[in-house]
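Trainee: Below is a structure I'd like to ask you about.
The values are calculated or read from the model by the stated rules, or taken from the named source; none is laboratory data. Values in this document were obtained by computation on a predicted structure and should not be read as measured data. Counting neighbours? That spans all protein chains shown, and the Cβs are built from the backbone with ideal geometry, glycine included. Side chains are part of the model used for accessible areas, which takes the heavy atoms of the whole protein and leaves out ligands, DNA and RNA. Shrake-Rupley method; radii C 1.70, N 1.55, O 1.52, S 1.80 Å.
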Amino acid sequence: MDLNNKTADAEKQPQKESSKKKDRKRWRLSISAVFSIGAAMLLALIGGSMLLYVSDATNRQTTVIMRETGALIVERGLEVVEDFFRNEERMGLLAAEVLSDPLIYNAPVALREQLISILSRQTNIKRISYTFPTGRRISVQLDHASQPVQQMMVMPPNEQDMEVGNHRWAPPYYDEGIGETFMQFAVYIRNPVDNTISKLTLDYPISLLGQLMARIKWRASQIPFILYGRDQVLASSEQAFLSFKPSKAKPIPLISDLQDTPLSNIWSENANRRSLNTNYKAHIDTTTHGTYLYLYDDLRNGNRFPIIIGSYVLASEFSVPFENLHKIFVAATAFLAVGVLLMFLIGRRLAGPFVALGTQANAIRKLNMEGLSALPRSRLKEVDQANQAFNSAGVALSAFSRYVPKDLVRVLLEREFEGLNSTELREMTILFSDIAGFTGVASKLTAEETTSLLNTHFQELADCISHTHGTIDKYIGDGCMAFWGAPETMENHAQAAIDAVHLIAQRLETELKNEEGATEKPRLRIGVHTGTVVVGNIGAIERMNYTVVGDAVNVAARLQELGKTVDPDARVIALASNATVDHLRDKSHTKHLGDYQLRGREEAVDVYRIV
């Protein structure tokens, strides 16, 4: 035995085992997953990226259109309302300039009153009033009032009024006599003659702002509005505003009074609200009435009350140009989903031959030769070559496993055929069997019948030995040699060998009972012994045999021969040494025969009969 070889193999073994453990821990993907899922994910990634890009571009373009269109809407509203106030302010200042002229101021009062009445008829003024420095106020009312001219005494204007500004707009008020809400423009006049202060007020019905809605509106779903501050509505085309009944306490409606309109939600803060980055104020919000784009800005002028002008539009109007693109996007998504599915199925189809190859390889690795089937031909050249080569390898390995113990082949495959030259000392149990009287039986049979008898007998032995994890070493004529405890280590190898003996005896007894002519069947002798032997690959480099050698092997063979002396007429007799019986858990089924001097041994062997 080459001890240097054995030592070198022993030193390499821990390193090889460590390498194998690391290799087993590596995460691996099945080729089916790579082909099917990988191809599908690649298509999904490419197609999805394109669709996301198109979707993002569409959203950005829609936002740009909203921003640019909103700017036009807001600028239009500011322009229309600014134009209205500017014209009325110009007319009021013109009237104040006329009335402050020294010639007019020194004219008779009747003439001045007549001039005021004439000026009032040239504008949108509903009522014009002039307050003298003495506190006397003359009011001229249009619309064919029953008393078009009224006079009364009021608080005269003073220097404090001039300090605020010579002209300004007052908040809206409700006139109970007329039953209408007005906004008032006041101009303070310093009289050039005596430096006293008089006041000219022009009253405009709030409904004039409502007439501006038609000029501001230029989109189908656009609803323009004018707010006084943030909470009150000066003008709107909503029916809820038009139906509002004003009063002295509430001359114009609050936004909260228009509950059934999108305008009531303009200042609502919620998760759906999204502001737009613009030079004016704009945001998108989803309400119970739909998703609206709110566009608004302040009408900036220090002489006026706070005014916000804006509109709200259905957000869907801006996406109309992109509806077809959206439909294409949906269709493309559907096609992409179908494409991903097809790629998945095609991937699985392409992976089929490789999966079958892997299944067959796994069967070979487990030496499941019975479940091995030939791989089919393939139209793919490389796959077809691999299948045919694998089929040939499977046939060769199947034949190899018939001549070499399967357990040994399995161990060689697991160790990748390493350590073929190594041997070791190991305690094992060895079994020898032999057919007694086989020569006489075989003489009455043809060659084919003799072969059939031996094959049947050896198959029965192989089944029982394999069932107890034993290894058949070789067939010797009509005899068989087997061992337990190698190539894989077994702690209970003696018990396993005795269990195999009982299985063999039960199998033969059953056959003798069931078959006719049982008395002519050959008898079987078995010898079992446990001891230390040399086990491993023994032979030449060109051909080796995995076997066991040593004195224990000779003792097992001699115990089998002893059976013909102990009970020559027994159908089945199995003898075991005390070295084997001492390892058994239950010795009740053994019969102690005493010491026997075996051929070729100086020391007697304590023998037991197992069967």
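Trainee: Search the range 466-503 for residues being under 58 Å from the mean Cα position of the chain (by Cα) and hydroxyl-bearing (Ser, Thr, Tyr), and hand back the single one that is most open to solvent (accessible area, probe 1.4 Å).
Mentor: Top of the filtered list is Thr489.
Trainee: Another question, then. Can Glu382 be described as open to solvent by 80 Å² or more (accessible area, probe 1.4 Å) and at pLDDT 70 or above?
Mentor: It is true that Glu382 is open to solvent by 80 Å² or more (accessible area, probe 1.4 Å) and at pLDDT 70 or above.
Trainee: Regarding the range 333-352, can at least one residue be identified that is modelled with pLDDT of 70 or more, over 34 Å from the mean Cα position of the chain (by Cα) and either open to solvent by less than 60 Å² (accessible area, probe 1.4 Å) or not hydrophobic (A, V, I, L, M, F, W, C) (or both)?
Mentor: Checked the range 333-352: no residue is modelled with pLDDT of 70 or more, over 34 Å from the mean Cα position of the chain (by Cα) and either open to solvent by less than 60 Å² (accessible area, probe 1.4 Å) or not hydrophobic (A, V, I, L, M, F, W, C) (or both).
Trainee: Which members of the range 285-304 meet the condition of being basic (Lys, Arg) and in contact with a strand residue (DSSP E or B) (Cβ under 8 Å, 6 or more places away or on another chain)?
Mentor: Correct list: Arg304 only.
Trainee: When you scan the range 556-578, do you find a residue that is under 22 Å from Thr532 (Cα atoms), in contact with a helix residue (DSSP H, G or I) (Cβ under 7 Å, 6 or more places away or on another chain), touching a residue at least 24 places away in the same chain (Cβ under 8 Å) and open to solvent by 30 Å² or more (accessible area, probe 1.4 Å), even just one?
Mentor: Within the range 556-578 (the criterion being under 22 Å from Thr532 (Cα atoms), in contact with a helix residue (DSSP H, G or I) (Cβ under 7 Å, 6 or more places away or on another chain), touching a residue at least 24 places away in the same chain (Cβ under 8 Å) and open to solvent by 30 Å² or more (accessible area, probe 1.4 Å)), the answer is no, since none of the residues qualifies.
Trainee: Residues being of a type in the set (S, T, N, Q), surrounded by fewer than 15 Cβ atoms within 10 Å (Cβ to Cβ), in a strand (DSSP E or B) and in contact (Cβ under 8 Å) with a residue 24 or more places away in the chain: count how many of those fall in the range 268-290.
Mentor: Result for the range 268-290: 0.
Results for (1) touching a helix residue (DSSP H, G or I) at 6+ places or on another chain (Cβ under 8 Å); (2) within 20 Å of Arg137 (Cβ to Cβ), shown as yes or no for each residue.
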| residue | (1), (2) |
| --- | --- |
| Met162 | no, yes |
| Tyr173 | no, yes |
| Gly177 | no, yes |
| Phe185 | yes, yes |
| Val193 | yes, yes |
| Ser198 | yes, yes |
| Ser207 | no, no |
| Arg215 | yes, no |
| Trp218 | yes, no |
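Trainee: Would it be correct to say that Phe305 is under 28 Å from Ala170 (Cβ atoms), of a type in the set (Phe, Trp, Tyr) and assigned to a loop (DSSP other than H, G, I, E, B)?
Mentor: Taking the combined requirement at face value, the residue satisfies it.
Trainee: Which pairs turn up if I take residues in the range 470-495 that are at positive phi and look for partners that are among the polar types (S, T, N, Q) and part of a strand (DSSP E or B) with beta carbon separation below 7 Å, at least 6 apart in sequence or on another chain?
Mentor: Gly485/Thr429
Trainee: Could you tell me which residue of the range 456-494 is nearest to Glu561 (Cα to Cα), considering only residues that are part of a loop (DSSP other than H, G, I, E, B) and of a type in the set (D, E, K, R)?
Mentor: Out of the qualifying residues, it is Asp478.
Trainee: As an exercise: evaluate Gly135 against (1) modelled with pLDDT of 60 or more; (2) open to solvent by 40 Å² or more (accessible area, probe 1.4 Å) and give the number of the one condition it does not meet.
Mentor: That leaves (2) as the condition not met.
Trainee: Working only within the range 198-219, note down all residues that are modelled with pLDDT of 90 or more and open to solvent by less than 50 Å² (accessible area, probe 1.4 Å).
Mentor: Residues satisfying the conditions are Pro205, Ile206, Leu208, Leu209, Gly210, Leu212, Met213, Ile216.
Trainee: Looking only at the range 488-508, count how many residues are touching a strand residue (DSSP E or B) at 6+ places or on another chain (Cβ under 7 Å) and over 17 Å from Val528 (Cα atoms).
Mentor: Looking only at that region, the number is 1.
Trainee: Restricting attention to the range 430-442, which residues are more than 12 Å from Met481 (Cβ to Cβ) and not in a helix (DSSP H, G or I)?
Mentor: The answer is Ile435, Ala436, Gly437.
Trainee: Testing Asn265 on (1) in contact (Cβ under 8 Å) with a residue 60 or more places away in the chain; (2) in contact with a His (Cβ under 9 Å, 6 or more places away or on another chain), one condition comes back false. Which one is that?
Mentor: (1)
Trainee: Regarding His583, is this residue surrounded by 13 or more Cβ atoms within 10 Å (Cβ to Cβ) and not in a helix (DSSP H, G or I)?
Mentor: Criteria met by His583.
Trainee: Which residues, taken from the range 173-190, are in a strand (DSSP E or B), surrounded by fewer than 20 Cβ atoms within 10 Å (Cβ to Cβ) and not aromatic (Phe, Trp, Tyr)?
Mentor: Within the range 173-190, Asp175, Glu180, Gln184, Arg190 meet the criteria.
Trainee: Still on this model: State whether the residues of the range 220-227 include one that is over 28 Å from Ala95 (Cβ atoms) and open to solvent by 30 Å² or more (accessible area, probe 1.4 Å).
Mentor: yes
Trainee: I'd like to check something: does the range 529-543 contain any residue that is more than 20 Å from Ala482 (Cα to Cα), open to solvent by 60 Å² or more (accessible area, probe 1.4 Å), touching a residue at least 12 places away in the same chain (Cβ under 8 Å) and of a type in the set (Ser, Thr, Tyr)?
Mentor: no
Trainee: Yes or no: Ser243 open to solvent by 30 Å² or more (accessible area, probe 1.4 Å) and among the hydroxyl-bearing types (Ser, Thr, Tyr)?
Mentor: Yes: the conditions hold for Ser243.
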